[in-house]
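J.: This is the structure I have questions about; it appears just below.
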Amino acid sequence: MAAHTAESASAENAAPASPSAFSHALKDAFFAGLIMLGLVGPLVGFETVIRDGALGLDYRPLTVAVMVAIVFVGRLILNLTVWSPNRVVKTRTGPSPMARAVTAAGPAFKPALLAFAVAFPLIAVLSQGGLNESRYLIDLGILILTYVMLGWGLNIVVGLAGLLDLGYVAFYAVGAYTYALLATSAPVNDFFAALIGEKFWADWAFWICLPAAGIFAGVWGMILGFPVLRLRGDYLAIVTLAFGEIIRLVLINWVDFTGGGAGIASIPRVTFFGIPFNASEHGFAALFGLKFDPMHRIIFLYFVILALALLTAFVTVRLRKLPVGRAWEALREDEIACRSLGLNTTNVKLSAFATGAMFGGFAGCFFAVRAGFVSPESFTFDISAMILAIVVLGGMGSQIGVAVAAAVMLGGMEMLRNLGFLKQFFGNEFDPSLYRMLLFGLAMVVIMVWKPRGLVSTRDPTIYLKEKKSVSGDLVKEGHG
Amino acid sequence: MDVFVQQLINGLTLGSIYGLIAIGYTMVFGIIGMVNFAHGDVFMVSAFISLICFLLLTTVLGITSIFLALAIVLVVAMFFTSLTSWAIERVAYRPLRGSFRLAPMISAIGMSIFLSNFVQVAQGPRNKPVPPMITDVIVLMDNGSYQVTLAWKQVIIMAVTAVLLTGFWYLVQKTSLGRAQRACEQDRKMAALLGINVDHTISLTFVIGAALAAVAGTMYLMYYGVAHFADGFVPGVKAFTAAVLGGIGSLPGAVLGGLLIGLIEVFWSAYFSIEYKDVAAFSILAITLIFMPQGLLGRPEVEKV
């Protein structure tokens, strides 16, 4: 937790078990414990509680003692073993073990993952023994795929073009509100009712709004991106953050247009290409000769988001092979070199920004149709941070890494919710799901310090001579443009 | 006129708090060129440390003199917040020096999320109100219907800010630590060759920034009488806006920017709409960065290959 260097491991202490080495390690661990005490003492040791209308204090000395003890013992053990002075540091030049595992699983890995994703509803239904029982698993699958898609969309901006976008949730919101506003709008409904038929808009709203939401979000990406893309990396991050917050605040405060904090409810549900999922004789079930079940809609939603996510992945893979994709990656590596080779960096950045935004818009439209309700609460900075964490953890630029990271993080989050047995150890007020964002934040720091290229860090070169060599991300050094 | 003077006072008070936080951003940016995204949350942590220390002093130890209590709270909060910031730099930023461009930024975002959620878990998600502390006011103008008042706590905030900034200015301009720091800002490698302990200097920069943020945290708690785990984000962004507006890397600029942001926010709320006051601050950030990235008092940035 605390200081993270092996200062104590000075070169003179050759023998690991010599008394001076031990006392050194002990002293170091003692100071680490002391620092830990200073860090957690005030905030963990005392809890401010509201009692009878006034603020009082509760004391938790035991928790502090345990945390300090963990740091002390852990640091002592590390000092005596891993950080001992005569340890030989191994350097690695090849791909990381994780990357090698992925390579070894090889060509079969991606199709297997895809096949699992396609067969997932069937597996869920069979394993849970019934349509209704599988609802939880399929909902979880939809959630994970939504984040996989958002991760892939942000990956275009952050992973490929190297632009840190902290306001990605804004485009998600634009997509969601596009659908919510258009689908519930009476004038649009009347227009189509007069033009084509009474039920047309209710049945086809989603399929017409989906591309519209994507395009609209992409246009927003361009509008927001155009002035800011000249900025250097960290300024860009802050400005996108500001834009994200501005959009959210406008959504909250422009009550006439967006419904304000109350949001927009009863948004039309998804239809099977114009056929509604209901119990009527024109419904999906009656038409296909099935017994009506609300789960049909959920399973269909799962396939919609799967298709959208795969579209994102496919477009990204193809774009990487086009000049614009190459330009994105070149821009990430060294902006000055790009400019001196005559690339119009503003246009290249703008295309990445708009493409990423477009996929965010698709995902937002899907979110609105799945939930049937949108409110500004769903589009906070936390969501942006979570998507960014997924991209960072998966290894910026790696498609499969992002998918695995999304599954692990959201799956892990669900598992946290189910860790009820921990209450036996920590008392009844212990709620594991509170720790979710805390772990996300910690994971981002740990990954940056330990493996800045993400867990799957192999880079596949887009151009190569004769044979493709996989290079460890550790060896790639990006420019500081 | 009355309303104007009143808002001027309120704006300067708020601006002092922003200015104190902004110095932390601007110093760190000046020396290692990164946006310390977690600084706003360090500020929030300091408000909680102040709150706990204040409760400990008044309810448990039974100190009745509010000024004595505040003075002790200030020192304690500065110490613990500095320690926190030092540890953050050591754990999350130092290993990333020389890594790729976005790495420290992402690490800082992670740290920011970690800090606010850590406080949420440790202290609970609810607002933590303290009873109003110093309620006396000085009536400056009174025309029968509207009173222009200057609260004592506003006087304290402005006075403490002024004293600290003078001391801080002395530290940076006249002491060897300040010289080492300015040398590192100009050329870190050369400074190291000339025998300056760069790591040490950078650590101290974080410590000083956090100490000033802790003062801001204590003042914030005294002024608003409430602490909340999510309170670091928006003041943090506003203080960063202040640093950018004043010219990032420039210390007088940070204070000037802080005062300006405070005034803009207060006047905007008074004369336009209170709902959009954050939008105003965020828009200023975007507009400044787009049209005037060097800020009011900063130097234009030269890009080196």
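J.: Pairs needed: first member in the range B:158-182, touching a residue at least 60 places away in the same chain (Cβ under 8 Å); second member anywhere, surrounded by 11 or more Cβ atoms within 10 Å (Cβ to Cβ) and basic (Lys, Arg); C-beta distance under 9 Å; at least 6 residues apart or different chains.
T.: Pairs that qualify, where the first residue is touching a residue at least 60 places away in the same chain (Cβ under 8 Å) and the partner is surrounded by 11 or more Cβ atoms within 10 Å (Cβ to Cβ) and basic (Lys, Arg), are B:Val172/B:Arg179; B:Val172/B:Arg182.
J.: So which residues in the range A:239-280 are within 14 Å of chain B (Cβ to nearest Cβ) and in a loop (DSSP other than H, G, I, E, B), if there are any at all?
T.: A:Trp254
J.: Would you please list the contacts, defined by Cβ atoms under 6 Å and residues six or more apart or on different chains, that run from a residue in the range B:231-253 that is more than 12 Å from every other protein chain (Cβ to nearest Cβ) and hydroxyl-bearing (Ser, Thr, Tyr) to a residue that is surrounded by fewer than 24 Cβ atoms within 10 Å (Cβ to Cβ) and part of a loop (DSSP other than H, G, I, E, B)?
T.: B:Ser250/B:Leu297; B:Ser250/B:Gly298
J.: On to the next question. Restricting the search to the range A:231-273, which residues are modelled with pLDDT under 85 and basic (Lys, Arg)?
T.: A:Arg232, A:Arg269
J.: Also, I was wondering about something else. Restricted to the range B:270-291, and to residues that are in a loop (DSSP other than H, G, I, E, B) and modelled with pLDDT of 80 or more, which residue is farthest from the chain's Cα centre (by Cα)?
T.: Once the filter is applied, the top-ranked residue is B:Phe272.
Matching residues to (1) more than 22 Å from B:Leu251 (Cβ to Cβ); (2) out of contact with any Asp or Glu (no Cβ under 8 Å at 6 or more places or on another chain); (3) crowded, with 20+ Cβ neighbours inside 10 Å:
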{"position": "B:Asp187", "(1), (2), (3)": "no, yes, no"}
{"position": "B:Met190", "(1), (2), (3)": "no, yes, no"}
{"position": "B:His200", "(1), (2), (3)": "no, yes, no"}
{"position": "B:Ala210", "(1), (2), (3)": "no, yes, yes"}
{"position": "B:Gly217", "(1), (2), (3)": "no, yes, yes"}
{"position": "B:Met222", "(1), (2), (3)": "yes, yes, yes"}
{"position": "B:Ala230", "(1), (2), (3)": "yes, yes, no"}
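J.: May I ask you to say which residue of B:Met141, B:Met133, B:Met190 is within 25 Å of B:Tyr25 (Cβ to Cβ) and of a type in the set (A, V, I, L, M, F, W, C)?
T.: B:Met190 is the lone residue from the list that is within 25 Å of B:Tyr25 (Cβ to Cβ) and of a type in the set (A, V, I, L, M, F, W, C).
J.: Could you tell me whether any residue of the range A:179-193 is closer than 29 Å to B:Val237 by Cβ, open to solvent by less than 50 Å² (accessible area, probe 1.4 Å), touching a residue at least 24 places away in the same chain (Cβ under 8 Å) and assigned by TED's automatic domain parsing to the domain that holds A:Thr271?
T.: yes
J.: Scan the range A:43-53 for residues that are closer than 13 Å to B:Leu51 by Cβ and either of a type outside the set (D, E, K, R) or crowded, with 19+ Cβ neighbours inside 10 Å (or both) and jot them down.
T.: Listed by number, the residues that qualify are A:Leu43, A:Phe46, A:Thr48, A:Val49, A:Ile50.
J.: From the residues in the range A:287-320 that are assigned to a helix (DSSP H, G or I) and farther than 20 Å from A:Gly151 by Cα, which one is farthest from the chain's Cα centre (by Cα)?
T.: For the range A:287-320, the residue satisfying everything is A:Leu287.
J.: Scanning the range B:97-121 for residues that are surrounded by fewer than 21 Cβ atoms within 10 Å (Cβ to Cβ) and in a helix (DSSP H, G or I), which turns out farthest from the other protein chains (Cβ to nearest Cβ)?
T.: Filtering the range B:97-121 for residues that are surrounded by fewer than 21 Cβ atoms within 10 Å (Cβ to Cβ) and in a helix (DSSP H, G or I), the one farthest from the other protein chains (Cβ to nearest Cβ) comes out as B:Gln120.
J.: Among the candidates A:Asn253, A:Asn344, single out the residue that is within 30 Å of B:Ile106 (Cβ to Cβ) and not aliphatic (A, V, I, L, M).
T.: Answer to the check: A:Asn344.
J.: When residues of the range B:214-239 are filtered for being in contact with a Ser or Thr (Cβ under 9 Å, 6 or more places away or on another chain) and part of a helix (DSSP H, G or I), how many remain?
T.: The number of residues fulfilling the criteria is 12.
J.: Also: Scan the range B:86-96 and tell me whether some residue there is out of contact with any Cys (no Cβ under 6 Å at 6 or more places or on another chain), more than 10 Å from chain A (Cβ to nearest Cβ) and farther than 30 Å from B:Val3 by Cβ.
T.: yes
J.: Out of everything in the range A:307-323 that is touching a helix residue (DSSP H, G or I) at 6+ places or on another chain (Cβ under 6 Å) and of a type in the set (A, V, I, L, M), what residue ends up being nearest to the other protein chains (Cβ to nearest Cβ)?
T.: Applying the filter and picking the extreme gives A:Leu319.
J.: Among the numbered criteria (1) in a helix (DSSP H, G or I); (2) open to solvent by 20 Å² or more (accessible area, probe 1.4 Å); (3) within 30 Å of B:Gly33 (Cα to Cα), which one does A:Leu236 miss?
T.: A:Leu236 satisfies every listed condition except (2).
Conditions (1) touching a residue at least 24 places away in the same chain (Cβ under 8 Å); (2) more than 10 Å from chain B (Cβ to nearest Cβ); (3) part of a strand (DSSP E or B); (4) open to solvent by 20 Å² or more (accessible area, probe 1.4 Å), marked per residue:
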| position | (1), (2), (3), (4) |
| --- | --- |
| A:Ile35 | yes, no, no, yes |
| A:Gly41 | no, no, no, no |
| A:Ala65 | no, yes, no, yes |
| A:Phe72 | yes, yes, no, yes |
| A:Ile77 | no, yes, no, yes |
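J.: Right, here's the next one. Would you please list the contacts, defined by Cβ atoms under 8 Å and residues six or more apart or on different chains, that run from a residue in the range A:239-251 that is among the acidic types (Asp, Glu) to a residue that is outside any helix (DSSP H, G or I) and surrounded by 22 or more Cβ atoms within 10 Å (Cβ to Cβ)?
T.: From residues that are among the acidic types (Asp, Glu), the pairs are A:Glu245/A:Gly167.
The values are calculated or read from the model by the stated rules, or taken from the named source; none is laboratory data. Values in this document were obtained by computation on a predicted structure and should not be read as measured data. Here Cβ is always computed from backbone atoms with ideal geometry, including for glycine, and neighbour counts include all displayed protein chains. Please note that ligands, DNA and RNA were not included when accessible areas were found on the heavy atoms of the full protein model with its side chains. Shrake-Rupley method; radii C 1.70, N 1.55, O 1.52, S 1.80 Å.
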